[in-house]
1. Six or more apart or on different chains, Cβ under 7 Å: which pairs go from a residue in segment 1-17 that's touching a residue at least 24 places away in the same chain (Cβ under 8 Å) to one that's assigned to a helix (DSSP H, G or I)? Could you list them?
2. In segment 1-23, which residue that is assigned to a loop (DSSP other than H, G, I, E, B) and at pLDDT 95 or above is surrounded by the most Cβ atoms within 10 Å (Cβ to Cβ)?
3. Would you call residue 26 surrounded by 14 or more Cβ atoms within 10 Å (Cβ to Cβ), within 23 Å of residue 3 (Cβ to Cβ), within 11 Å of the chain's Cα centre (by Cα) and free of Cβ contacts under 8 Å to residues at least 60 places away in the same chain?
4. Report, by residue number, each residue of segment 36-64 that is touching a residue at least 24 places away in the same chain (Cβ under 8 Å), assigned to a helix (DSSP H, G or I) and surrounded by 12 or more Cβ atoms within 10 Å (Cβ to Cβ).
């Protein structure tokens, strides 16, 4: 059973509201929110959204380590800012 965009928007809004009420807001990164919009429109599956978000978090962690003096090279094929 396919989920239409109105239902996907409602799901995201409910998840976001619940997270906010628990003091754990959803990431507001513009790239992530653009990917959410692609999921809502049906262009992405949830697995695509999850994979891209995981790449974004991994990249952030590596950049943070690099800034803090840990020399950890970023993978060449994983650039969440490339989309």
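1. Correct list of pairs: 5/40; 5/41; 8/39; 8/40; 9/40; 12/36; 12/40.
2. Kept after step one, since they are assigned to a loop (DSSP other than H, G, I, E, B), are these residues of segment 1-23: 1-4, 22-23.
Now restrict to residues that are at pLDDT 95 or above: 22-23.
Working: 22: 8, 23: 6.
Restricting to residues being assigned to a loop (DSSP other than H, G, I, E, B) and at pLDDT 95 or above, the top hit is 22.
3. Details: surrounded by 14 or more Cβ atoms within 10 Å (Cβ to Cβ): yes; within 23 Å of residue 3 (Cβ to Cβ): yes; within 11 Å of the chain's Cα centre (by Cα): yes; free of Cβ contacts under 8 Å to residues at least 60 places away in the same chain: yes.
So residue 26 fits the description; yes.
4. To start, the set of residues in segment 36-64 that are touching a residue at least 24 places away in the same chain (Cβ under 8 Å) comprises 36, 39-42, 52-53, 55-56.
Filter once more, so that each one left must be assigned to a helix (DSSP H, G or I): 36, 39-41, 52-53, 55-56.
36, 39, 40, 52, 53, 55, 56 - these are the residues of segment 36-64 that are touching a residue at least 24 places away in the same chain (Cβ under 8 Å), assigned to a helix (DSSP H, G or I) and surrounded by 12 or more Cβ atoms within 10 Å (Cβ to Cβ).
The values are calculated or read from the model by the stated rules, or taken from the named source; none is laboratory data. These numbers were taken from a predicted model, which means no experiment stands behind them. Glycine also receives a Cβ, built like all others from the backbone with ideal geometry; neighbour counts cover every protein chain displayed.
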